[in-house]
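Have a look at the structure below, then the notes.
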Amino acid sequence: MQDARTIEPPELNIGLDKLAFIIAKAREFDVETAPSVTEDGSDPGDEGDTALLGDDARDPTLDELEGAIDALNDDEIVDLVALAWLGRGDFTREEWEDSLALARERHNDRSAEYLTGIPNLADCLEEGLELLGFSCMDVEQDRP
C-alpha cells in the first residue's frame, strides 16, 4: 500500500483559485453561524433572543458562497462534493474515484444548498485537498 504522499495527485476539474475562494467564504459563513453562548452559559437562541434568527433577511456571505458554487459547472461541483466527502472521512484517498462516481450519480440542482449545510465545510474541503496532495495556501497568500 502506497503512502498518500507518494501517490500522484489526481487532476481536478475545479481550479485551486476557485477552491480557495469557496473555502474562504465557507470559513466566513462557519464563523457567522457558529453557536454562541453567553458568559452565564445560556444559549441566546433558547432564551427567546430572536435577533439571532436573522428574521427573513438572507445572509450575504451565504448568498456569496451559494452563488460561487452555483456558478461552477457540473464537473467542478462533482469535485467539490467529492472533496467534502473525502475531507469529512466518508471516503479514503484510495477511494477518490468512488467518491467522484457517487457525487456524479447524486448531482442535482441543490448542490449549493447541500454543501452549505455541511458543518465545517471549509475544513472538510481543506482536508480533502490535503489528502489528495493539494493546498490552497499559495493561492490564499496571493489574495489581497
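Numbers at a glance
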| read-out | value |
| --- | --- |
| A101 vs. criteria within 16 Å of L16 (Cα to Cα), among the aliphatic types (A, V, I, L, M) and surrounded by fewer than 18 Cβ atoms within 10 Å (Cβ to Cβ) | no |
| Looking only at segment 113-134, and only at residues there that are among the hydrophobic types (A, V, I, L, M, F, W, C) and more than 10 Å from the chain's Cα centre (by Cα), the one that is nearest to K25 (Cα to Cα) | L129 |
| Neighbours by Cβ (under 9 Å, 6+ apart or cross-chain): first from segment 3-15, more than 16 Å from L100 (Cα to Cα) and in a loop (DSSP other than H, G, I, E, B); second modelled with pLDDT of 90 or more and among the small types (G, A, S) | A4/G133; R5/G133; I7/G133; E8/G133 |
| Any hit, segment 60-74, residues being of a type in the set (D, E), at pLDDT 95 or above and within 21 Å of P9 (Cβ to Cβ) | no |
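The values are calculated or read from the model by the stated rules, or taken from the named source; none is laboratory data. Please read these numbers as outputs of a predicted model, since none were measured by experiment. Ideal geometry is used to build each Cβ from the backbone, glycine not excepted, and the neighbour counts take in all protein chains shown.
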